[in-house]
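One structure is given below, encoded as structure tokens.
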Amino acid sequence: MTPGPGEPSGQDLPHHWLRGVVLFLSGQTVSLLGSAIVSYAVIWHLALTTGSGTIYALAVVASQLTMGLICLPGGIWADRYWRKPLIIGADGAVAVVTAVMAVLYLAGHQQLWLIVALLGLRGLGSGVQSPAVGATLPQITPVQHLMRVNSVNASVQAAMFVAAPAVAAVLLTWMSLGWILLLDVCTALIGIGFTLAVPIPRLARRDDAHAAEHRGARAYVHEIRLAWDGVRHHAGLLRIMVLLAAMSVVVFPLAQMTPVFVVHLFGNEQWMLAAVEITWSVGMVVGGLVMAAWGGPRNRMTLVVAACGAWCLSAAAMGVSPNVWVFCVVMVVFGGSVPFGNTAAVTALQENVPPALLGRIMGIVTVILAISGPVGIAVYGPLADHVSLRVLCLVAAVLGAAFVVVTHRRAGPGSVLLAPQPADATPQLQH
């Protein structure tokens, strides 16, 4: 399949493509920084005030589940409509909701349900924005540079997460959560300004032969089915989705629950919470920089599988850490392995999926991860109140490793995902 008008293949982009990429990623990073600070502040507020794994799980599920509910329609919109206003509109809507919630919180409405509602509504905006952002990057980046651009982006975002925990800890000490929420509004407006300056081409409208037969909800189901049919007949893409979903259910909930780990095992001091999050992010920065300099192997699947193995080993090491300092070292290694797997997986999707399907497929990936994550949190959260966290880590590591081994043994030759050569840069997945 070849790109249509308004869908650059990666070789017909203007020579100044790097300027657009830098502007786009800068805007997204600034917006992410504000969101990260607010997220850490809210999560730590819940962890420090309740100390409950169940409450913590409720907050995470509220955010990720609502994101999962909307990202499939969001992926369809990203393929149907101009992605630039979708990104700006979603960012703006989250800013408005956050501003309203901040005003309510400052007015004295500080009930738990208000915080959970805030996280849920913010998840809706992220569910629209995430597929559009993931589908836009290959539109404005030559395909031969995608892995490095994704790696640099991962490093920059990880660097923001180094700063975000420290900033959140300081802000929680000096001001109310309501004022911290307003920070996200400011960074969202800055991000919108950067995105406005980026020339993002419109997708050419593709008339499906069966479009006249599908209206309303049936049209959405039809478009998602087209995208899913393309994925399930491509063994490599399907295997990546299955592996990421399994890791999201079994292993990554442990990384998301580090505030509960710290409070239960080592103490409830804010510097410990900040140290764990910062070391995790430092590892991600280093891992992303290594990926940017290296570019990764041409077989993307090799890197995804190796990263899954590293995640399982890191989960086991979390369970045997004797003190917070060793735990921080484990977080460096765990965080450092994340860019290898995630960047390789995202790049493989961008390299192997044509532009007209990419929004929907990114939506499918987002919903799989958004649902599988809360499933793990929903199980681990309540268990953390009754079962040893160290035991949970070891069990999760064994389950995750077993899953990686089983999928590796069942993998056929079609599951190999090779990066396209510059001379053959157009995705070939048919639909």
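The values are calculated or read from the model by the stated rules, or taken from the named source; none is laboratory data. All values derive from a computational prediction rather than experimental measurement. Positions of Cβ are backbone-derived with ideal geometry, glycine not excepted, and every protein chain shown enters the neighbour counts. Remember, those area values only see protein heavy atoms, side chains included, never the ligands or the DNA or RNA. Shrake-Rupley method; radii C 1.70, N 1.55, O 1.52, S 1.80 Å.
Evaluation of Tyr40 against the conditions (1) within 17 Å of Pro131 (Cα to Cα); (2) crowded, with 23+ Cβ neighbours inside 10 Å shows that the sole unmet condition is (1).
Annotation note: of Arg122, Arg83, the sole residue that is open to solvent by 20 Å² or more (accessible area, probe 1.4 Å) and among the basic types (Lys, Arg) is Arg122.
Within the range 381-397, restricting attention to residues that are modelled with pLDDT under 85 and open to solvent by less than 20 Å² (accessible area, probe 1.4 Å), the residue that is farthest from Leu46 (Cα to Cα) is Ala384. The number of residues in the range 145-202 that are open to solvent by 40 Å² or more (accessible area, probe 1.4 Å) and of a type in the set (D, E, K, R) comes to 2.
Of all residues in the range 365-378, those that are in contact (Cβ under 8 Å) with a residue 40 or more places away in the chain and surrounded by 21 or more Cβ atoms within 10 Å (Cβ to Cβ) have Cβ atoms under 6 Å from Cβ atoms of residues that are part of a helix (DSSP H, G or I) and of a type in the set (Ser, Thr, Tyr), 6 or more apart or on another chain, in Thr366/Ser130; Leu369/Ser248; Ser372/Ser248; Gly373/Ser248.
Of all residues in the range 266-289, count the ones that are part of a loop (DSSP other than H, G, I, E, B) and among the acidic types (Asp, Glu). Of the residues in that region, 1 qualify. Selection within the range 21-40: residues that are of a type outside the set (A, V, I, L, M, F, W, C) and within 16 Å of the chain's Cα centre (by Cα). The member of this set that is farthest from Glu277 (Cα to Cα) is Gln28. The residue pairs whose first member lies in the range 398-422 and is open to solvent by 70 Å² or more (accessible area, probe 1.4 Å) and part of a helix (DSSP H, G or I), whose second member is modelled with pLDDT of 65 or more and of a type outside the set (Lys, Arg), and whose beta carbons are closer than 6 Å, counting only pairs six or more residues apart or on different chains, are Leu399/Val250; Phe403/Ala246. Residue count for the range 259-318, restricted to those that are among the hydroxyl-bearing types (Ser, Thr, Tyr) and within 13 Å of Ala344 (Cβ to Cβ): 1. All conditions but one from (1) open to solvent by less than 10 Å² (accessible area, probe 1.4 Å); (2) within 18 Å of the chain's Cα centre (by Cα); (3) of a type in the set (Ser, Thr, Tyr) apply to Thr141; the one that does not is (2).
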